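Please treat every number below as a calculation from the coordinates, not as lab data. Since we're looking at a predicted model, the values are computed, not measured. Neighbour counts are summed over all protein chains in view; Cβ atoms, including those assigned to glycine, are modelled from backbone coordinates with ideal geometry.
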Amino acid sequence: MGNAQGTSTSDPDLVPQVADRRDGGSSKDESFTRDALPWMEDVYRFAHSLTHETADAQDIVQETYLRAFRSWHTFEPGSDCRRWLFTICRNAFLRSRQRTRLEVEVTDADADAIAGAREHGAMIADGTDRLLATLDLGPALDRAVAGLDAPFRAAVILVDVEDQSYEAAAQILGVPIGTVRSRLFRARRQLQQQLREYARDAGLDPSAGPGQERGDA
Amino acid sequence: MPDGIREIECLATVRLLWDYLDSELDETRMREVEHHLAACQACLPHAVFGQRLLDALHAIRDRHAMPPTVRAEVVAALRAAGYSRGP
């Protein structure tokens with residue numbers, strides 16, 4: 001995984017928000033259509049991970065694209081347009097929240113990785129691991145991801161859903177790589193715990209063995 | 001032991017597991033974790049479960065579609081700002 005592409009060296013929020021017509025509006029529109037518009041679904045998913053509200057996400061996507069269009073002259077052709085858009089999206093979100101910071105206490109990523117393995121060990125011991133292997137994790141994960149705090153959810157969406165490297169996610173979120181790593185590992189540990197609960201709530205009794213519902217004789 | 005890599009313990013493997021599954025380790029570290037997992041029946045299930053979790057997370061892409069009206073609304077806003085094309 002990881003994204004080997006480079007990215008624009010310009011911070012779109014540090015330049016004047018004016019349209020650049022030096023190469024003609026037609027050329028600008030053409031390159032914007034080709035390079036920026038195809039990522040709208042991805043930007044929407046990221047915006048939704050930040051806002052948690054469909055209407056707010058739509059507003060953020062629109063703001064992102066308007067800012068991207070006005071700053072298109074700062075985008076470096078051939079660099080990673082999606083990463084550039086994610087960065088603008090994150091800044092648009094912060095602006096909409098009056099500079100609410102996407103920051104939480106930095107956790108110990110290694111401790112979370114080890115705790116996650118221990119949690120999985122417990123799942124193997126109580127049978128929930130085998131039970132989960134028989135279930136569609138999608139619905140449970142949707143709820144579990146939605147329940148994550150926004151900074152953790154943003155890290156999961158960028159790295160696990162949008163295939164961004166730790167380094168790219170750190171750049172987009174404006175935090176150190178270690179912070180992305182710790183948020184990611186903490187989030188995955190929480191998701192793992194939610195999946196274990198899901199197996200129990202699905203009416204499956206681990207002690208009865210895989211595939212047997214509670215109450216079966 | 002293959003050339004150029006060290007034997008690593010279970011604890012080190014678990015600590016590196018997410019980085020390994022995310023391909024965030026350097027080549028030597030990747031090979032060390034890979035080598036340990038190939039030989040360790042205690043650690044391998046953690047890797048298999050972790051990969052399944054990541055695969056299921058990645059599938060969120062297919063379930064969280066953008067509402068169909070958003071694209072048209074964004075393009076309309078862009079046109080008001082001077083954009084002259086349509087997707």
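Summary of computed values
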| item | result |
| --- | --- |
| Summed residue charge, Cβ within 13 Å of A:T33's Cβ, Lys/Arg positive, Asp/Glu negative | +2 |
| Taking B:V75, B:V33, A:V61, B:V48 and counting other C-beta atoms within 10 Å, the order from fewest to most | B:V48, B:V75, B:V33, A:V61 |
| Exposure proxy ranking, count of Cβ atoms within 10 Å, fewest first, for A:Y65, A:Y198 | A:Y198, A:Y65 |
| Relative contact order %, chain B, counting alpha carbon pairs below 8 Å whose residues are six or more apart | 23 percent |
| P(r) weight above 22 Å for chain B, C-alpha pairs, percent | 50 percent |
| Distance between modelled label sites at A:D108 and B:A65, nm, 7 Å Cα→Cβ extension | 4.6 nm |
| With Cα atoms, 0 to 90° folded angle of helix B:44-58 axis to chain B main axis | 0 degrees |
| Extension gain from A:Q193 to A:D142, taking 0.36 nm per residue of separation minus the Cα-Cα distance | 17.0 nm |
| Difference of contour (0.36 nm per residue) and Cα-Cα distance, A:R130 to A:A150 | 4.1 nm |
| Rounded tilt (10° steps) of B:10-21 against the dominant C-alpha axis of chain B | 30 degrees |
| Cβ-based net charge around A:E162, under 9 Å, with every Lys or Arg adding one and every Asp or Glu removing one | 0 |
